[in-house]
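Report on the structure given below.
The values are calculated or read from the model by the stated rules, or taken from the named source; none is laboratory data. This one's a predicted model, so the numbers in the text were calculated from it and none came from an experiment. Using ideal geometry, Cβ is built from the backbone for each residue, glycine included, and neighbour counts are taken over all protein chains shown. Keep in mind that these areas ignore ligands, DNA and RNA; they rest on the heavy atoms of the full protein, side chains included. Shrake-Rupley method; radii C 1.70, N 1.55, O 1.52, S 1.80 Å.
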Amino acid sequence: STWNRVVTIPISALTANRTNRFTTFDDRAVYGGATLGFFDDRLLVLTGWRQTKTESVITNRLTNTDSEIEASRLTPQYGVLGKVTRNLSLFASYAESFVPGSQILNVNNVPTKAAAPTTGQGFDTGLKFDLFDGRVSGTLTYFDIRNQNIVNDLASLDPGTGSVVITNVQSGEQRSRGVELDTTVTLTPNWQLYFSYSYMDARIVEFSGRDEAILAQDPSTLNAADLANYKNVKRFHGAPLQMSAPQLANLWTRYNFTNDGLRGLYVAGGANFVYDQTLLSDTPDSAHQTYTLFGATIGYMWKWGGRPMSLDLTGKNLTDEYYRPSQSTRSRPREFLLTFKAKF
């Protein structure tokens, strides 16, 4: 009923704006790095560079025209790790990123120019710990990541035809910063616990590249084009990033039975918590989602003929939680998987 293979549907009924494009990519890069150790490796220094050159050709099969995009960039990476004590280390790192543009930007469905490369810079700093003879280990990190020239798709209605038209805008800057903690605890030799938590502020800090000047205007004095630009800047300036959540947490535990009668049997379970996640940057707060997913596994491992084998029964989304993994998809329902593995 959802895929009609009998009736021929005319192209005009499928979409108001036909496209038929083919893209070829050619990416080349050379990179190198080195790790230097000082003071009997109590101080480690990492350095590296990558030179990337990309070429792509976008062929419009409807108009038989080609658009070429070329870009290149040198991106560095630096890091340092110092051992304060045998069980505690401090670290810091900095890196730059480069993603070449791969599309032609549209204004109300009309192609204009090639997208500029997306560039980014990020640093993190924190500590690594390994305590109580290795029974508690983990990493605490503060991070700050910034990206420029992210392509945003803005939909609007054509007043003449009433159809939806798309305008692509490359934002000035997006920033994600926060803290992360992940730790593993060995409660007993056969019982492990894993926990992670992150707090992140991810926002569009500069949408147009000149948000302050645009927002300082009086909207009542603007023409239609400038007013539309003003509304977009006001809508996205300071807005959260798409599908970002300020708080995430994960808890997982596993217990292996070691006594003779149950040796080889194990159970595991845990939860994934997502708080106040947005779908799109302009999604109202009332439509943000908060949910927890529970999962569990019971399994058995043995050997047959000297070959290792295992049988697992896994349950996912045990409470049948409804959520959106992305703005255009829906969650999978409660499900159970029975898995048999054998190595030969």
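Observations
- Pair Thr112, Lys316: separation of 7 Å Cα→Cβ label points (nm): 4.1 nm
- Taking a point 7 Å from the Cα of Thr188 along the Cα-to-Cβ direction, the residues of region 244-285 with backbone N closer than 19 Å to it are 252-270.
- Note on Leu181 and Asn259: their simple-model spin labels are 3.5 nm apart, each label 7 Å out from Cα toward Cβ.
- Inter-part distance where region 281-331 and region 151-197 are each reduced to a Cα centre, Å: 19 Å
- Gain upon complete extension [Asp133, Arg210; 0.36 nm per residue less C-alpha separation]: 22.3 nm
- Region 199-335: relative contact order as a whole-number percent, Cα under 8 Å and 6+ apart: 18 percent
- Projecting the Cα atoms of Pro189, Ala114, Gly178 onto the dipole axis of region 111-200, where Lys and Arg carry +1 and Asp and Glu carry -1 at the beta carbon, places Ala114 farthest toward the positive end.
- Cut-off under 5 Å, modelled amide H: who pairs with Gly101 long-range: Thr118
- FRET efficiency for Arg235 and Leu338, using Cβ-Cβ distance with R0 set to 41 Å, rounded to 0.05: 0.30
- Per-residue SASA remark: Tyr194, around 90 Å² accessible (1.4 Å probe; ligands, DNA and RNA not included).
- Packing rank of 139-146, 324-331, where each peptide gets the mean count of other beta carbons within 10 Å, highest leading: 139-146, 324-331
- For volume of the Cα convex hull per residue in Å³, computed directly from the structure shown, the correct entry in (i) 144; (ii) 171; (iii) 255 is (iii).
- Computed E for Arg42/Phe273 - FRET, C-beta separation, R0 41 angstrom, nearest 0.05: 0.60
- Degrees between helix 224-236 axis and first principal axis of the chain (Cα, 0 to 90, nearest 10): 10 degrees
- Length gained when the stretch Gln51-Ser326 is fully extended (0.36 nm per residue, less Cα-Cα span): 95.7 nm
- Per-pair calculated FRET efficiency, R0 = 25 Å: Ser156 and Ser220 via Cβ, rounded to 0.05: 0.75
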